[in-house]
1. Of Ile70, Ile104, which residue is touching a Gly at 6+ places or on another chain (Cβ under 8 Å), buried (at least 16 other Cβ atoms within 10 Å of the Cβ) and within 28 Å of Arg148 (Cβ to Cβ)?
2. Looking at the stretch 126-158 only, could you name the residues that are free of Cβ contacts under 8 Å to residues at least 12 places away in the same chain and part of a loop (DSSP other than H, G, I, E, B)?
3. What's the number of the condition Asn116 fails, among (1) within 16 Å of the ligand (Cβ to nearest atom); (2) farther than 29 Å from Arg148 by Cβ; (3) part of a loop (DSSP other than H, G, I, E, B); (4) not charged (D, E, K, R)?
4. Among helices (runs of 4 or more DSSP H) lying entirely in the stretch 1-96, which contain 2 or more residues that are within 14 Å of the ligand (Cβ to nearest atom)?
Amino acid sequence: MTSCIFCKIYKAKEGVIYENKFFYAQFDAFPVSPGHAEVIPIRHVTSFLELTEKEWMSLKSTISKVIEIIEKTNLKELYEKFLQDPLNEKSEQFCKKMLTHIGIEKKPDGYNIGVNEGEAAGRTIDHLHIHIIPRYSGDVKDYVGGIRHVIPGMGNYRK
Ligand SMILES: [Zn+2]
């Protein structure tokens, strides 16, 4: 698919931080936390459910490898580099925010790993991508529930 941004990125190899037979990875240009990366199947598929058994099997080691890369990357340098040639104004805002983030010079304390499966779930690019979102102790006030916070007010089921 030539019009697909994720197919284009892979073809141009721009910003590709890892690749294997089935997947590639990049740092998100609109990071929600320092080190936010995406694992993307090389094959153009829209849905998580379209992955083949072989791709599924490879996903675990791919995610492990990408987490290893996130933890080895100097994230301050990464966003300083992003800011030298920002993708657009919004990306610039997001990357600037990272430089003052509580976790910018730390190793992540946890991860949210997830897929926006379908438009209703927030998918904006129709090429599957698995978000790897590093989390840092103290990065939000109310962390209980994690991804449950995609519905505002419904995250913390203990309160
Ligand atoms: Zn694509």
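1. Values: Ile104 fails: touching a Gly at 6+ places or on another chain (Cβ under 8 Å).
Just one listed residue meets the conditions, Ile70.
2. Taking the stretch 126-158 and keeping what is free of Cβ contacts under 8 Å to residues at least 12 places away in the same chain, we get 140-141, 143, 148-149, 151-154.
The answer is Val140, Lys141, Tyr143, Ile151, Pro152, Gly153, Met154.
3. All conditions are met except number (2).
4. Numbers: elements: 5-12, 53-72, 75-84.
So the answer is 5-12.
Read-outs: derived from the displayed coordinates by stated rules, not from any lab. The structure displayed is predicted, hence computed values, not measured ones. For neighbour counting, all protein chains shown are included, and Cβ atoms are generated from backbone atoms with ideal geometry for every residue, glycine included.
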